[in-house]
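Written out below as structure tokens is the structure these notes cover.
The values are calculated or read from the model by the stated rules, or taken from the named source; none is laboratory data. A quick note: this is a predicted structure, and the numbers were derived from the prediction, not measured. All Cβ positions, even for glycine, are placed from backbone atoms using ideal geometry, and neighbour counts span all protein chains on display. Just so you know, the surface numbers come from the protein's heavy atoms only, side chains and all, with ligands and any DNA or RNA stripped out. Shrake-Rupley method; radii C 1.70, N 1.55, O 1.52, S 1.80 Å.
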Amino acid sequence: MPRTDRPVLVVDDDPDMREALKDTLASEGYRTELAGDGQEALDYIRSKPMPSVILLDWNMAPMSGPQFMVELAKERATVAAIPVVLVTADAKGAEKAQCHPFVAFLAKPLDLDALLDIVARYSV
Amino acid sequence: MMTIDRKSLNIVATNAMVLALYVALAKSGSVLSATDTSAVLDGAPAGLAMAGILLLGYRIVPGLGLGALVVWASTRASTPVALVIAAGDTLEAVLGGWAMRRLVGFDGAFGRLRHVGGLIVPAAMMSTLVCATIGVASLTLGGFISAEQSWSAWQAWWVRDMLDVLVTVPVVVAWVSVRSLKCPASRALEATLLGCVLLGESATIFLRAPVPHAHLFQHPYVLFLVFIWAALRFDVRGAATATAVAFVFGLYSVAHGTGPFVRESLAEGLLALQTFIGCAAVTSLVVAGAMSDRARAIREAHDQARKLQVLAAASTSFAQAIHETGTILRELARLCTEVVGDSCVIQLASDDPAELTVAAFDSRNRAVGEAAETFLVGQHALRTGVTERVLTTLSDVLIPVVDAQAAPVVSSRAFAEFTRQCPVYSAVAVPLETATEVFGVVALLRHSARKPYTDNELTVLRDLADRAGLALYNAKLYDELRAAVVVRDEFLAIAGHELKTPLAALLMQIQSLQRVVRNDPSPTVRDRLAKAARSGLRMERLTNQLLDVSRIAGGKLTLEPERLELGELLREVAARFADASAAAHSPMAIKGETEVNGYWDRMRLDEVISNLLSNAMKYGQGKPVEIDLHTENGDAVLQVTDHGIGIDEAHQRKMFQKFERAVAVREFGGFGLGLWITRKIVEESGGRIVVQSTPGQGSVFTVRLPREHQHSTHGEPHAAN
């Protein structure tokens, strides 16, 4: 049963990871939209309806996660306020999470329950 | 055009002086022979003439010849006879001088027994024989002495000249070459004592009236003891001086009718004295010569011993792990300079095949070394001449005397400038090679003309260069080894990272599917997915190990301790192994304290416990596994016991190393990194891990952790048996 109209925006440079997240969230009833890097994500946000939550990878090219956060903060208030969850394989994830206004941090490989928990919390 | 230069004037002046001296001495010496008419002898100073030739060279021959001529012309001998005898006198001096220089290598000082031998036989005996024979023959043939007189005349002449040479030459030579009279007080004291004894004894012997019963100290042979003392302690100078002093006393005594050498005629008495002094002189000179030889041998032995010591030290210093090429080269230059001298320059081959670079320079002379270092080291030099020869033929080059026209050892302007200030008289160059390449050229330079390099010194240089070559090779290997390890660790990091991404996606799909079928009545899919998940998790663990290894090896293992209750963590990890435990039919039992609090890195300790449990499962052969947690002396102690295949002692020592497994590769999978990582984490936390095991009966792994730890202490894990 679909939970909400607003999709979850998945931003990751690995296509398999994007698919896995999409499939996982789909079987829980969420709609997802995919973006390959920060720039694609920005383009999506500026042109399409706002997503409920963004799952953001850290290392991407041409625009990385932190670069995306910097650009996002420059958007209008409602857009800048979209909750963003940092998803990264990097062990220093917790440190990195502090520099930007992430609402949560998930380490890869993802704990499924934790992921679903957070998405449920923020998608309203 | 005749130019009168300084040198010619010098020679003329010297000859004039010699002439004057000769005549004066001859005339004063003739006082002795005037009283005896059985021989017409003039006191031609044979000894001084020979000493003159030895010290001043053949250039004084004209002066000597003229002097002899003047002396003999003023006697009643006829002119042709005078000419012949004068020639004989001159010949005597020349022959003696020649014999000393050419035959025994006399170089201005009586430093060897050989020199003494040369003085005694060829100089004192042979050349005087020539002169005496010529002289007496001429006089007899000229009718100035009768045939019956000629035998005793000849004898007297010969012995007189012989004594003159034996006594005068060493005394004059020894004292003329004295540089300074400085010596330690004890030595001065001894010399004074010797002098007093000599004078006293000479007086006692020679100045007494010729009574038939002499007491002990009036026997002339007592003087032998004094002469030997002088020879033993004061070398040729002492021996010659003592003999000369005694001779003077003796001459006086014979002339005045005192002492033990008074005979019926003056000539006989003189002969007796001369015989005595002659024997004494020979004895003491020989002893002195032998002592000189001995002292020289001892000095050389000391030098050799010192050189060997330095070479041994060189080996040691090169053998110690010096990894830096520059240091090795500087050390080599220093050693070469110290052991052989005078200066050492090392040139290295460069990328440009026609050029070399001056890599190091050292010199015994501080000032030379510092000056040259600044403008020589780092400069480029051409690869030609000596260096080309050494590098292409890989042979040693010895240049005992440097030819100004030939190519210099270092072909550069800077070096040419250097040689202008510090001329190079002798050089030797050897290749500097390692096992795989030719590094460059090591060359030694000598800045004085008196000591050309010898084969011995070439051998020493060759030896030092070989040792340096070994050290350079080791340094290179060490560098390559370090670089290889860095590359390996970097690769591990990259590999681990690359593997993580698809792994994350894979695990997510599996877990997601597990959620989808969780309510499915048929267990098939669920079971299969569970197995897939387990494989995936194992792969995740292995990948993490790869990343851990590269991190730890790179020194990047940083712990993030937090308040942690170990019992709870243990139960959590054990729960994760529940499936594996069931699958292996290896029940796990946790005992001990249920709550152990401390300050540790949760993720890392999780890894440690997982590793230990995973090992227990893997090698447990399906037997039960016991896990014990308790505290001891404030430390947390975790013990994991299995009853499986065990580990033999040889492996117990090595098992905590990287890539080491105690079992065959094919049997139980894994990288063999688990225990190494475990050990590193435990040690970094300030703890220790030990293993006790008996093959076939199982193993006990014991981890001891302090509750809190600030700095890491590194201990070696050991097998306790």
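Can you tell me how many residues in the stretch B:507-528 are in contact with a helix residue (DSSP H, G or I) (Cβ under 6 Å, 6 or more places away or on another chain) and part of a helix (DSSP H, G or I)?
9
Just one of the numbered conditions (1) in a helix (DSSP H, G or I); (2) crowded, with 16+ Cβ neighbours inside 10 Å; (3) more than 19 Å from the chain's Cα centre (by Cα) is not true of B:GLU457; which one?
Result: B:GLU457 passes all but (3).
Consider A:LEU34 against the criteria (1) within 14 Å of chain B (Cβ to nearest Cβ); (2) free of Cβ contacts under 8 Å to residues at least 12 places away in the same chain: it satisfies all of them except one. Which criterion is unmet?
If we test A:LEU34 against (1) within 14 Å of chain B (Cβ to nearest Cβ); (2) free of Cβ contacts under 8 Å to residues at least 12 places away in the same chain, just (2) comes out false.
State whether one or more residues within the stretch B:224-247 are among the hydroxyl-bearing types (Ser, Thr, Tyr), surrounded by fewer than 17 Cβ atoms within 10 Å (Cβ to Cβ) and within 20 Å of B:GLY118 (Cα to Cα).
no
Let me spell it out: the conditions are (1) touching a residue at least 40 places away in the same chain (Cβ under 8 Å); (2) more than 10 Å from every other protein chain (Cβ to nearest Cβ); (3) open to solvent by less than 50 Å² (accessible area, probe 1.4 Å), and B:ALA533 meets all of them except one. Which number is the exception?
Going through (1) touching a residue at least 40 places away in the same chain (Cβ under 8 Å); (2) more than 10 Å from every other protein chain (Cβ to nearest Cβ); (3) open to solvent by less than 50 Å² (accessible area, probe 1.4 Å) one by one, B:ALA533 breaks only (1).
Quickly run through the stretch B:503-524 and pick out the residues that are open to solvent by 70 Å² or more (accessible area, probe 1.4 Å) and within 14 Å of chain A (Cβ to nearest Cβ).
B:LEU506, B:LEU513, B:VAL516, B:ARG518, B:ASN519
Could you list, in sequence order, the residues of the stretch B:700-721 that are of a type outside the set (Asp, Glu), at pLDDT below 90 and either in contact with a helix residue (DSSP H, G or I) (Cβ under 8 Å, 6 or more places away or on another chain) or open to solvent by 80 Å² or more (accessible area, probe 1.4 Å) (or both)?
B:ARG707, B:GLN710, B:HIS711, B:SER712, B:THR713, B:HIS714, B:GLY715, B:PRO717, B:HIS718, B:ALA719, B:ASN721
Quick check on the stretch A:107-117: of everything there that is modelled with pLDDT of 85 or more and either over 24 Å from B:VAL516 (Cβ atoms) or surrounded by fewer than 19 Cβ atoms within 10 Å (Cβ to Cβ) (or both), which residue is farthest from the other protein chains (Cβ to nearest Cβ)?
A:ASP117
Search the stretch B:499-525 for residues that are free of Cβ contacts under 8 Å to residues at least 60 places away in the same chain and pair each with any residue that is among the basic types (Lys, Arg) when their beta-carbon atoms are under 6 Å apart and the residues are at least 6 apart or on different chains.
Between residues of the stretch B:499-525 that are free of Cβ contacts under 8 Å to residues at least 60 places away in the same chain and residues that are among the basic types (Lys, Arg), the close pairs are B:ALA504/A:LYS108; B:VAL517/B:ARG526.
Residues to consider are B:ALA333, B:ALA359; find the one that is of a type in the set (Gly, Ala, Ser), touching a helix residue (DSSP H, G or I) at 6+ places or on another chain (Cβ under 8 Å) and crowded, with 17+ Cβ neighbours inside 10 Å.
Testing whether each residue is of a type in the set (Gly, Ala, Ser), touching a helix residue (DSSP H, G or I) at 6+ places or on another chain (Cβ under 8 Å) and crowded, with 17+ Cβ neighbours inside 10 Å leaves just B:ALA359.
When you scan the stretch B:479-498, how many residues do you find that are within 12 Å of chain A (Cβ to nearest Cβ), in contact (Cβ under 8 Å) with a residue 40 or more places away in the chain and open to solvent by 60 Å² or more (accessible area, probe 1.4 Å)?
1
Considering only the stretch A:69-103, state which residues are open to solvent by less than 40 Å² (accessible area, probe 1.4 Å) and modelled with pLDDT of 85 or more.
A:MET69, A:LEU72, A:ILE82, A:PRO83, A:VAL84, A:VAL85, A:LEU86, A:VAL87, A:PHE102
Test of understanding: among B:GLU148, B:GLU92, which residue is touching a residue at least 60 places away in the same chain (Cβ under 8 Å) and acidic (Asp, Glu)?
B:GLU92
State yes or no: is B:VAL402 in contact with a strand residue (DSSP E or B) (Cβ under 6 Å, 6 or more places away or on another chain), open to solvent by 50 Å² or more (accessible area, probe 1.4 Å) and at pLDDT below 85?
Considered against the rule, which asks whether it is in contact with a strand residue (DSSP E or B) (Cβ under 6 Å, 6 or more places away or on another chain), open to solvent by 50 Å² or more (accessible area, probe 1.4 Å) and at pLDDT below 85, B:VAL402 comes out as yes.
Could you please find all residues in the stretch B:354-390 being in contact with a Cys (Cβ under 8 Å, 6 or more places away or on another chain), of a type in the set (Gly, Ala, Ser) and over 16 Å from B:GLY440 (Cα atoms)?
B:SER363, B:ALA372
Can you find a residue that is of a type in the set (S, T, N, Q), more than 21 Å from B:GLN347 (Cα to Cα), over 23 Å from the mean Cα position of the chain (by Cα) and open to solvent by 50 Å² or more (accessible area, probe 1.4 Å) anywhere in the stretch B:420-441?
no
B:LYS476: within 14 Å of another protein chain (Cβ to nearest Cβ) and assigned to a helix (DSSP H, G or I), yes or no?
In short, no.
Just the residues that are under 10 Å from the mean Cα position of the chain (by Cα) and β-branched (Val, Ile, Thr), please, taken from the stretch A:33-58.
A:VAL53, A:ILE54
Tally the residues that are charged (D, E, K, R), more than 15 Å from A:VAL119 (Cα to Cα), open to solvent by 10 Å² or more (accessible area, probe 1.4 Å) and assigned to a loop (DSSP other than H, G, I, E, B), restricting the search to the stretch A:1-36.
2
Report the residue count in the stretch B:553-596 for those that are under 18 Å from B:GLY644 (Cβ atoms) and small (Gly, Ala, Ser).
So the count comes out to 8.
Just to check your reading of the model, which residue among B:GLN639, B:GLN652, B:GLN657, B:GLN697 is touching a His at 6+ places or on another chain (Cβ under 9 Å), modelled with pLDDT under 80 and of a type outside the set (Asp, Glu)?
On inspection, the qualifying residue turns out to be B:GLN652.
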